[in-house]
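Student: Here it is, the structure in full.
The values are calculated or read from the model by the stated rules, or taken from the named source; none is laboratory data. On a predicted model such as this, the values are computed, not experimentally measured, just so you know. Note that we place each Cβ from the backbone using ideal geometry, even for glycine, and neighbour counts take in every protein chain shown.
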Amino acid sequence: MTAPVRFGVVGLGEIYQLAHHLAYQRADGLQATVVCDLDQSVAERTAQSLGARASTDYRELLEDDEIDAVDLVLPHNVHYRVAREFLEAGKHVLIEKPMTVDAAHARELVALAADRGLRFTVNENTRFIPAYQAALDAINAGEIGDVTLVRTLISGNEFERLGNPKLWKGRQDGSGGGTIIDAGAHSFYLLKWMFGEVASLRALSDRLVDVSQVEDWSIVCGRMRSGALFSVESSFTSGGPWNERLEVHGTEGLIVVDQHQNPPAMIFHGKRDHAGTSLPGTAYEPTTWKYTSIAAGIESFARSIAKDEPTAVAPDDGAYAVRIIELAYESVATGRPVTL
Ligand SMILES: NC(=O)c1ccc[n+]([C@@H]2O[C@H](COP(=O)([O-])OP(=O)(O)OC[C@H]3O[C@@H](n4cnc5c(N)ncnc54)[C@H](O)[C@@H]3O)[C@@H](O)[C@H]2O)c1
């Protein structure tokens, strides 16, 4: 039996508590050695529940010999700096999305990790949602013919966080933007992973939450190199539960993945197939799909270290998503389409 991969976790806020914690509780091939947050009470409470050490200063983890890897679950503006420090200290680094705010920084980190022989990637939970893998298998098997249009819609209720100017989420210098960077990180990764590169795009954004500095609605659309068209829409002013929806239209069929639909992944073969068929291996889990996929990403990253294998989420694809985010903001600013 191989020894568990020993993690230091930095950032024990909302998504750590809802999702990452599951992976450290399950401790399947990994363990948390040190957990760190600026908030001492959160660090101590979390450490106690895992039998780990607590810290309020991530720099204490840099030279810690009992840590092989770090899981960074931090506000966007510090992703690059903290990830770079850990890579320079010789630790494997898993970072929450978006990999960084700046595309050049993302490429720099990917190159630095490769140079040092370290594993580094973004914990893009999209890759671990079974419905997307089932959709990809069906597309690759030719079940919907040639893909003509890919549509994603991510919607969530961020009224409270965007409405609180003290929080990083609604501040440009904390988040680097709103829906385009925050939700778009998932959709642009999905486009690259499932359909390849983007050839051109144009983007529009708007804002309903006045006190926030960032957009809370956006649409980015364009054409893939494959010739398919795409549109990526995101909204943070939906009163419903967080949802991620994907439609893949092909010359011979349609796939719809929607986590609040039961069943969540359907395939329709041809224009008379009104009933459709549920894609195999996909279960309706409206309250847990997000969190289990995030925890699965941590376990997969630990396996890639233990087995000395490439990470399931290619680091280049994480960096590519940041590049598309940057170009989408360029299109919003200029009002012009961008050709890649
Ligand atoms: N994969 C997903 O679907 C998903 C969902 C939600 C959030 N996220 C990402 O996770 C990250 C964190 O988001 P969140 O919603 O949990 O934010 P959050 O604000 O709730 O938590 C961030 C935590 O980091 C701590 N922190 C900040 N600076 C620190 C430092 N220098 N040292 C130690 N701790 C520090 C804060 O005290 C806070 O507890 C972001 O990158 C976000 O985009 C991903």
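Student: With under 22 Å from S155 (Cα atoms), in a helix (DSSP H, G or I), in contact (Cβ under 8 Å) with a residue 12 or more places away in the chain and aliphatic (A, V, I, L, M) as the only criterion, which of A295, A283, A319 stands out?
Tutor: Result: A295 is the single residue among A295, A283, A319 that is under 22 Å from S155 (Cα atoms), in a helix (DSSP H, G or I), in contact (Cβ under 8 Å) with a residue 12 or more places away in the chain and aliphatic (A, V, I, L, M).
Student: Further question on the same structure: I need the full set of residues from the stretch 104-140 which are away from the ligand (no atom under 16 Å from the Cβ) and hydrophobic (A, V, I, L, M, F, W, C), in order please. Let's see the steps before the verdict.
Tutor: Quick first cut of the stretch 104-140, residues away from the ligand (no atom under 16 Å from the Cβ) only: 104, 107-108, 110-119, 133-140.
A104, V110, A111, L112, A113, A114, L118, A134, A135, L136, A138, I139, listed by residue number.
Student: Scan the stretch 298-316 for residues that are touching a residue at least 12 places away in the same chain (Cβ under 8 Å) and either of a type outside the set (V, I, T) or over 30 Å from H260 (Cβ atoms) (or both) and jot them down.
Tutor: Filtering the stretch 298-316 down to residues touching a residue at least 12 places away in the same chain (Cβ under 8 Å) leaves 298-306, 311-316.
Answer for the stretch 298-316, where residues must be touching a residue at least 12 places away in the same chain (Cβ under 8 Å) and either of a type outside the set (V, I, T) or over 30 Å from H260 (Cβ atoms) (or both): E299, S300, F301, A302, R303, S304, I305, A306, A312, A314, P315, D316.
Student: Residues that are touching a Ser or Thr at 6+ places or on another chain (Cβ under 6 Å) and either assigned by TED's automatic domain parsing to the domain that holds A134 or farther than 30 Å from A203 by Cβ (or both): does the stretch 279-289 have at least one?
Tutor: No; the residues of the stretch 279-289 include none that is touching a Ser or Thr at 6+ places or on another chain (Cβ under 6 Å) and either assigned by TED's automatic domain parsing to the domain that holds A134 or farther than 30 Å from A203 by Cβ (or both).
Student: Looking at the stretch 131-148, I want the residues that are closer than 11 Å to L279 by Cα and have a partner that is polar (S, T, N, Q) and modelled with pLDDT under 95 with Cβ atoms under 6 Å, at least 6 apart or on another chain. Which pairs are those?
Tutor: Hits for this filter: A131/T282; A134/T282.
Student: Output the strands (runs of 3 or more DSSP E) that fall wholly within the stretch 232-278 and possess 3 or more residues being under 18 Å from G184 (Cβ atoms), among the charged types (D, E, K, R) and touching a residue at least 60 places away in the same chain (Cβ under 8 Å), or say none.
Tutor: Correct list: 243-250.
Student: Step by step: first the residues of the stretch 45-66, then only those that are of a type in the set (D, E, K, R) and in contact with a helix residue (DSSP H, G or I) (Cβ under 9 Å, 6 or more places away or on another chain), then the one that is surrounded by the fewest Cβ atoms within 10 Å (Cβ to Cβ). Which residue is that? Can you show your working first?
Tutor: Kept after step one, since they are of a type in the set (D, E, K, R), are these residues of the stretch 45-66: 45, 53, 57, 59-60, 63-66.
Adding the requirement that they be in contact with a helix residue (DSSP H, G or I) (Cβ under 9 Å, 6 or more places away or on another chain) leaves 53, 59.
Values: R53: 19, R59: 11.
Only one residue fits best here, namely R59.
Student: Is one or more of the residues making up the stretch 189-207 crowded, with 18+ Cβ neighbours inside 10 Å, within 30 Å of K271 (Cα to Cα) and within 13 Å of the ligand (Cβ to nearest atom)?
Tutor: Yes - at least one qualifying residue is present in the stretch 189-207.
Student: Now a separate question. Which residue is farthest from the ligand (Cβ to nearest atom), if the candidates are limited to the stretch 148-179 and must be outside any strand (DSSP E or B) and polar (S, T, N, Q)? Steps first, answer last, please.
Tutor: Of the stretch 148-179, the ones outside any strand (DSSP E or B) are 156, 158-179.
Among the residues that remain, those that are also polar (S, T, N, Q) are: 164, 172, 175, 179.
On the way: N164: 11, Q172: 15, S175: 8, T179: 12 Å.
Checking each candidate, the answer is Q172.
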